[in-house]
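Written below as structure tokens is the structure these notes are about.
The values are calculated or read from the model by the stated rules, or taken from the named source; none is laboratory data. Bear in mind that the values here come from a model prediction, so they are computed numbers and not experimental data. Please note: Cβ atoms are built from the backbone with ideal geometry, for glycine as well, and neighbour counts cover all protein chains shown.
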Amino acid sequence: MRRTCAVTVGTLGLLSALSGVAAADAPTRSGWWNAASANGVALPQPTTGGDDLHVGQGPNGPTAYAAVAYDLTGQAVSGGRLELKVVPNTAVGTIEVQACPTKTATWKAGSDQPYDTRPEYDCGRPAPGALAPDGTSVTFLLDAPAEALGGYSLAIVPIEGAAPFLVDFAKPDATSLTPEVALEQPAEQPAAEDPGAGFVPPAAGTPGTPPLSPTVTVDAPPLAVAGPVPELAVPVAPAPVSAEAPVTAAPVPVAAARPVAPVSNRERYVAGSLLALLAGGFVYALQQPTAQPRLLGGMARKGAPPVLPVSERPRGIGRFATLRTAPARRLV
């Protein structure tokens, strides 16, 4: 149990010691250059902090870009991860940036520098920046640095053809770059030599060596068979069962769809005319007066005299006007 624990602890310590991730120091230089400059003087950028990095893209190209350098001399770096923090409330538009190595590492550090002093860069193999979902940082996955630069010297520039945007990055620190150190393969150790290999025994009778004792051969007694050897029963594999052939259902014929005869315009006109006549007859029947019920037999003779329609218009003028109780009499 103690040996197992010791081996486990030793393995974990070895893995920790051989880890491929190393910590980097703070950047040796950082700066940014303003395209809005003339006669060697850049226009002021009051919205960007003194140590922050400003990057922008306009309709015709970059309006500003930044650079950052890390000294990794003497380190076998196979790649790295650079993370730049976005200053809150400074991003305008969609951030589309990339990291490209500069052609030289002799550029000057500083903020809001004239554009004619900017370092040239090569975006043949750029590292695109991945914006965090919350928009607080941009991450670049870097390849191995160039040996001539002695580390990383990267220009943070807008992607070609990107939409206009503006952003300020906080000044990088020791936690911004995480380099990956290439692990050296351990040298193969030579195989341990056999101490008995190459040893030649001295010949018999050599002075200074004892004489070899004679070899005694002892005949071994023959082995007696205790009894008959039982026969081993060999299991017989069952005969393979042939699979039944699948039953194929006979195709059911599908009745062909009966073609629908087209309806002519004449039939449509006749149907429309009949529908209009029926509607007119229904309206005419509704407008006819309702017939009064009639009494049958003796009830008809004893019934009250028919009520004649009387005009409700009053007779006379003013206070002499009265309602009609009988039809008006004809004068002629």
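Numbers for the structure displayed
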| read-out | value |
| --- | --- |
| Residues that are in contact with a strand residue (DSSP E or B) (Cβ under 6 Å, 6 or more places away or on another chain) and either closer than 14 Å to residue 68 by Cβ or surrounded by fewer than 14 Cβ atoms within 10 Å (Cβ to Cβ) (or both), drawn from segment 144-161 | 145, 151, 152, 153, 154, 155, 156, 157 |
| Checklist (1) in contact (Cβ under 8 Å) with a residue 12 or more places away in the chain; (2) not in a helix (DSSP H, G or I) applied to residue 133, failing item | (1) |
| Qualifying strands (runs of 3 or more DSSP E) (wholly inside segment 42-98; at least 2 residues being in contact with a helix residue (DSSP H, G or I) (Cβ under 9 Å, 6 or more places away or on another chain)) | 61-71 |
| Only one of 35, 24 that is modelled with pLDDT under 95 and buried (at least 20 other Cβ atoms within 10 Å of the Cβ) | 24 |
| Residues that are in a loop (DSSP other than H, G, I, E, B) and either within 17 Å of residue 27 (Cβ to Cβ) or within 29 Å of the chain's Cα centre (by Cα) (or both), drawn from segment 99-121 | 104, 105, 106, 107, 108, 109, 119 |
| Test: residue in segment 112-124 that is polar (S, T, N, Q) and farther than 16 Å from residue 52 by Cα | yes |
| Meets criteria (buried (at least 19 other Cβ atoms within 10 Å of the Cβ) and either free of Cβ contacts under 8 Å to residues at least 24 places away in the same chain or within 23 Å of residue 181 (Cα to Cα) (or both)) for residue 53 | no |
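Results for (1) part of a strand (DSSP E or B); (2) at pLDDT 95 or above; (3) of a type in the set (A, V, I, L, M, F, W, C); (4) closer than 17 Å to residue 57 by Cβ, shown as yes or no for each residue.
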{"site": "123", "(1), (2), (3), (4)": "no, no, yes, yes"}
{"site": "128", "(1), (2), (3), (4)": "yes, yes, no, yes"}
{"site": "144", "(1), (2), (3), (4)": "no, no, yes, no"}
{"site": "148", "(1), (2), (3), (4)": "no, no, yes, no"}
{"site": "157", "(1), (2), (3), (4)": "yes, yes, yes, yes"}
{"site": "171", "(1), (2), (3), (4)": "no, no, no, no"}
